[in-house]
Structures are given as C-alpha cells and as structure tokens.
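K.L.:
This structure is in structure tokens; I'll ask about it shortly.
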Amino acid sequence: MPREFELQEETLGSEDFYREDLEDLLQEGAWKEGFNEWAEYTDLDEEQVRIVSDLGLFQVFDFYWDPTEDRLRFDAPTIPNDWRERDATESLDSSTVSMIDATLQDLGQTVHETLEGYLERNDEATDFGWGKETYGKRGE
C-alpha cells in the first residue's frame, strides 16, 4: 500500500496501482530521462549520491496510479531514521539528511513528470491505453 494512500469505501477491493505497467515505462527510459534531468541541477555531491545509492534509496521509489484520485502519484524514500548507526552515513549531519530527503523528493517529482509524458505518448500512440481517461474507464 502506498505511504500516502487512504482506502476509500467506494474503491475498497478494486485498487490497482498499475505498478508493473509503470515499471515497464520506467525501464523503457522514463527513469533514466528523469534521473538525468534531475542530475543536471541536483545539489547532491558525489559522496552524497554514493550514500543514497549504498542505502538502496534509488531503488525504492514508488510510482503508482491512485484510483481514488485518478492520477499518477509517487512516494519518495527518505534517509532511514537510524542513519547515525549506519556505516554508509558517517559523513552526514542532520541538515545534510534533510537536504538529501528534499532532493529525493525533487528526483521523484522530476521522474513523475517524465513518466506522465510517457503515459501521454503511449495513450496517443497505442491501443494499450494509458492515462486518466483510460484508467478511469477500467473497472466500469
């Protein structure tokens, strides 16, 4: 279940977050395209990117279709609460952790916008059906 998602009585039991479909688009290039755009302006230095990578945070972004709001959403990871005890985070302080968390949110937003572009292109180019209009029709 997504972090910010709240079950609603009218959709109970019919939640389909389309994660596999979205993962396909991310692998087709949406992740790389969004990541590269984010990398051009991020304030993270090489060591901080290594820490994020060592903690596996790039792999745990959650992109999903929210059936209650009928829109694409994402949950960005954060530095774990026990970061002080982890070897990978020796050089961090509280303000750097906050900055990394905000930067991960920016990465999620950038990839989210890129992914929306992929959804629109797929909706126009194929019969597979992506986007608000199609997802809103599924389950009817």
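K.L.:
As an exercise: evaluate A102 against (1) surrounded by 15 or more Cβ atoms within 10 Å (Cβ to Cβ); (2) at pLDDT 90 or above; (3) out of contact with any helix residue (DSSP H, G or I) (no Cβ under 8 Å at 6 or more places or on another chain) and give the number of the one condition it does not meet.
P.N.:
Of the numbered conditions (1) surrounded by 15 or more Cβ atoms within 10 Å (Cβ to Cβ); (2) at pLDDT 90 or above; (3) out of contact with any helix residue (DSSP H, G or I) (no Cβ under 8 Å at 6 or more places or on another chain), the odd one out for A102 is (1).
K.L.:
Next question, about the same structure. Just checking, which of Q105, Q48 is in a helix (DSSP H, G or I) and within 25 Å of Q27 (Cβ to Cβ)?
P.N.:
It is Q105.
The values are calculated or read from the model by the stated rules, or taken from the named source; none is laboratory data. This is a predicted model, so every value here is computed, not measured. Backbone-built Cβ (ideal geometry, glycine too); neighbour counts: all protein chains shown.
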